[in-house]
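Quick one: the structure is below, questions incoming.
Values in this text are rule-based calculations from the coordinates and carry no lab data. All values reported here derive from a predicted model rather than from experimental measurement. Please note: Cβ atoms are built from the backbone with ideal geometry, for glycine as well, and neighbour counts cover all protein chains shown.
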Amino acid sequence: MKHASLWCFVVTGLCAQSLPVVSMQTDPDRIAQSLRDKKPAMPTEDCAALDLWECHSDYPDRVSDLSLRWVQLDDDPELEAILIVEAKAESTYMAYVFDKQSTWRMVGSFSCERSCEPNSFVRVQKLTSDSPLLILVQRDLGGSAQFLMTASAYHLHGGRLSQALEVSTEEDVSLPPERITRRWVLASQDRLVIHTTRQTVPARIRNNCEVYRWSPVGSAFELAPADRAQYCDLKTGAPIPGKSSPTGLGAYP
């Protein structure tokens, strides 16, 4: 199985569309309580939005694990909420992001079904000094014959989440692997550096290095080709040591 596009830095176009928004009947605290204790019963509309068996009052089992975090993702004084649930009935982890405008709304939901690390599945982080706090989601989006670890960053603005960055690593699982691609996200104070290595059989590794900067107009990272020589070795295609550091964001086979 091949993927036409392994990564996407989103500025305009279809990739930059906001995630769907769903109005909620209750607040995140009560939603978490309903999932944990089955009391009070969750409103039907909210249960439909979560799409979990465990939120139905007539389903006997509770969620296996649950955490609720309050974070500041935008400029308004109201905190946003991130609810992470382990749902054994669905054999998955789910993360839900809630934002309050006039009422509470679910502005994003993410599932993680394979190779999921609950402590790193969803986190909040600034990638550069001039970028806002972003929601970072890391999960395996591959199929049965392919590992495709994908790290995505989402920006909350105007009451909606939109994708600002996506970096994926693909590993073909034929025996032996025909190709392995790895990507690392590095950063200086105000630039992202993406280091890509491609290994083919027989063992041959090629490096590629690209530089991106935060665009407040596009609410995303955009290519900065004029800065490439400052951060990338143009002969080897690798990042220049000491010019950027690991962000902890990346996808590895």
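Please tell me if Leu148 is in a strand (DSSP E or B), of a type outside the set (Phe, Trp, Tyr) and either out of contact with any Cys (no Cβ under 7 Å at 6 or more places or on another chain) or surrounded by fewer than 20 Cβ atoms within 10 Å (Cβ to Cβ) (or both). Spell out the reasoning first.
Numbers: in a strand (DSSP E or B): yes; of a type outside the set (Phe, Trp, Tyr): yes; either out of contact with any Cys (no Cβ under 7 Å at 6 or more places or on another chain) or surrounded by fewer than 20 Cβ atoms within 10 Å (Cβ to Cβ) (or both): yes.
When the stated conditions are applied, Leu148 passes them.
Specify which of the listed residues (Ser115, Ser111) is touching a residue at least 12 places away in the same chain (Cβ under 8 Å), in a loop (DSSP other than H, G, I, E, B) and farther than 11 Å from Tyr154 by Cα.
It is Ser115.
If you scan the range 218-253, which residues turn out to be of a type in the set (A, V, I, L, M, F, W, C), under 18 Å from Ser129 (Cβ atoms) and not in a strand (DSSP E or B)?
Ala224
For the range 35-73, what are the residues that are of a type outside the set (A, V, I, L, M, F, W, C), under 28 Å from Leu134 (Cα atoms) and not in a helix (DSSP H, G or I)?
Asp51, Ser64, Asp65, Ser67, Arg69, Gln72
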